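Let me begin by presenting the structure, written as structure tokens, before commenting on it.
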């Protein structure tokens with residue numbers, strides 16, 4: 001009988017809840033993995049996966065990219081233009097002061113996706129998007145039990161914990177590799 005300790009990954013890749021979602025996504029892409037444990041110091045705070053990132057981002061309000069056509073607008077009728085008082089600041093001056101590229105064409109401003117107001121991944125942290133529910137198994141658990149737990153919970157990774165400490169991670173890839181290896185051994 002194969003135990004979790006026989007197939008789990010012990011070379012752990014972890015992130016802090018304070019890490020930006022941008023750095024997380026870059027890490028996941030670089031390592032070709034789908035999720036990692038989140039550690040606050042030595043304490044497991046949660047798990048984060050690309051599914052968590054996508055769910056979080058899809059719940060965030062977006063900046064509107066189109067305006068309603070004038071005939072669709074049912075607001076109040078425009079008021080007569082106010083008389084301009086000499087020396088008074090223009091109503092949009094606050095916004096002009098806030099943007100470093102004041103005067104730039106609006107199309108150019110929208111094209112700059114790396115500007116702070118557009119960098120959703122850089123502006124949010126792992127702690128905001130992570131799953132706080134921790135599913136874990138002991139290293140002595142049977143792999144079949146762990147696989148059933150993953151299937152029933154709809155997850156692709158389980159944390160392997162011993163005496164309250166994170167010692168490994170078990171992924172669906174680990175389980176499928178184990179099944180494939182056992183299948184080759186039994187045919188030999």
- Relative contact order for segment 1-57 using alpha-carbon pairs under 8 Å, separation at least 6, rounded to a whole percent? 29 percent
- Item | Separation in nanometres of the label points that stand 7 Å from Cα toward Cβ, at residue 140 and residue 16 | 3.6 nm
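Throughout, read-outs are computed from the coordinates displayed, never taken from laboratory work. None of the values given here were measured: they were computed from a predicted structure. Cβ: placed from backbone, ideal geometry, glycine included. Neighbour counts: every protein chain shown.
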